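Structure first, then comments.
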Amino acid sequence: MLYIIGLGLGDEKDITLRGLEAVQKSQKVFIEAYTSLLSFEMYNLLQEKLYGKSITVADREMVEEKADDILLEATSSDVAFLVVGDPFGATTHTDLVVRAKKLGVDVKVVHNASVMNAIGVCGLQLYRYGETVSLPFFTDTWRPDSFYEKIQRNRKLGLHTLCLLDIRVKEPSLESLCSYRGKKQYEPPRFMAVSVAIEQLLEVEQMRGENAYTEDTTCVGFARLGSEDQLVVAGSMKQLLEVDFGPPLHCLVIVGDTHPVEEEMLDFYKLAKKQGQA
């Protein structure tokens, strides 16, 4: 049996009772460590003590290149695969289920909270969101803008847009990729901040010039959703550029048309109101 278990967003205690039971009866436990991260050091002794199991960190290379090894173990024993958020928040995990079923491995999924529903905390109704977009880090030679059309479509329909911000964990360095020998070298971890996301969005808007959004467009910035110190701030893109959202993980919502109930709730997070209370 392969158990794919959502851990939620806050810390190691957000696992559900069903999820914890599945972990404790599994012979091998893996934790996926690149599509998202918990807001604490998730591989510490506290987690192993709480779950009662030794945990193997499954990085990008293991999940994408050695998934069959994980699935092979699940053909003869119970294996738990832990995922931050909900198991189906990333296509990687859907692919894992497909591959497991093709090998005849039984799969059980234990759901949990994810960024896709936790963003509801700001008051924008979840059913009023359009297509979600991912914002990658720009480089000197790679500045993709395919997300622009999706945001533009959402805005024309009056829908909100969730922007998932890039996470770079255990990425091979350029020198390592170019080398034919030697041990792989990795770049330091990088997590996109709200300010970087907005800078890149405005750069693309300036280049495209189709008014999908402007620096005056209302957005909501989020940091460390689900944790005790989560931060939610609403304001224009220009205003949010000046906000220090602190440690990762961050995400951003570009606000579409709003109705009075959404406006009333969103008002609690407006930057001007927060500054007035400070």
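The values are calculated or read from the model by the stated rules, or taken from the named source; none is laboratory data. Quantities reported herein were computed from a predicted structural model and do not represent experimental measurements. Note that we place each Cβ from the backbone using ideal geometry, even for glycine, and neighbour counts take in every protein chain shown. Areas reflect the complete protein model, heavy atoms only, side chains present, ligands, DNA and RNA absent. Shrake-Rupley method; radii C 1.70, N 1.55, O 1.52, S 1.80 Å.
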Flagged links, alpha-carbon separation over 20 Å, of LYS53/LYS102; LYS66/LYS102; LYS13/LYS66; LYS49/LYS108: LYS53/LYS102; LYS13/LYS66; LYS49/LYS108
Would you mind working out the accessible area per residue for the chain, using a 1.4 Å probe, and quoting it in Å²? 52 Å²
Taking only Cα atoms and a 10 Å spring cutoff, compute GNM fluctuations for the chain and point out the largest among GLN185, GLN152, GLN27. GLN185
So if I place +1 on the C-beta of Lys and Arg and -1 on the C-beta of Asp and Glu, and nothing else carries charge, what would the dipole magnitude of region 2-113 be about its Cα centre? I want it in debye, nearest 20. 360 debye
Nothing charged except the Cβ atoms of Lys and Arg (+1) and of Asp and Glu (-1): what's the magnitude of the dipole of the chain about its Cα centre? Round to the nearest 20 debye. 540 debye
Count the lysine pairs in region 116-277 that are 8 or more places apart or on different chains: how many have C-alpha atoms under 28 angstrom apart? 9
Most positive-pole-ward Cα, VAL107, GLY52, THR92, against dipole of region 2-113 from beta carbon charges: VAL107
Contact order normalised by length for region 2-113, with contacts defined as Cα pairs under 8 Å and 6 or more residues apart; what percent is it? 47 percent
Of the peptides 112-121, 2-11, how do they stack up when ordered by the mean number of other Cβ atoms within 10 Å, highest first? 2-11, 112-121
Please give the calculated 222 nm ellipticity per residue for the chain, where each DSSP H segment of at least 4 residues contributes -39500 (n - 2.57) and the sum is spread over every residue; nearest 500 deg cm²/dmol? -9000 deg cm²/dmol
Using a 1.4 Å probe on the protein chains only, how many percent of the accessible area of region 2-113 belongs to carbon and sulfur? 51 percent
Please report Rg over Rh for region 2-113, where both radii come from the alpha carbon positions and Rh follows the Kirkwood definition. 0.92
Do me a favour and compute the ellipsoid semi-axes for the chain from its Cα gyration tensor, root of five times each eigenvalue, largest one first, whole Å. 35, 23, 18
The correct ranking of GLU264, GLU149, GLU12 by accessible area at 1.4 Å, largest first, is GLU264, GLU149, GLU12
If you average 1/r over all unlike Cα pairs in region 116-277 and invert the result, what Kirkwood radius do you get in angstrom? 16.8 Å
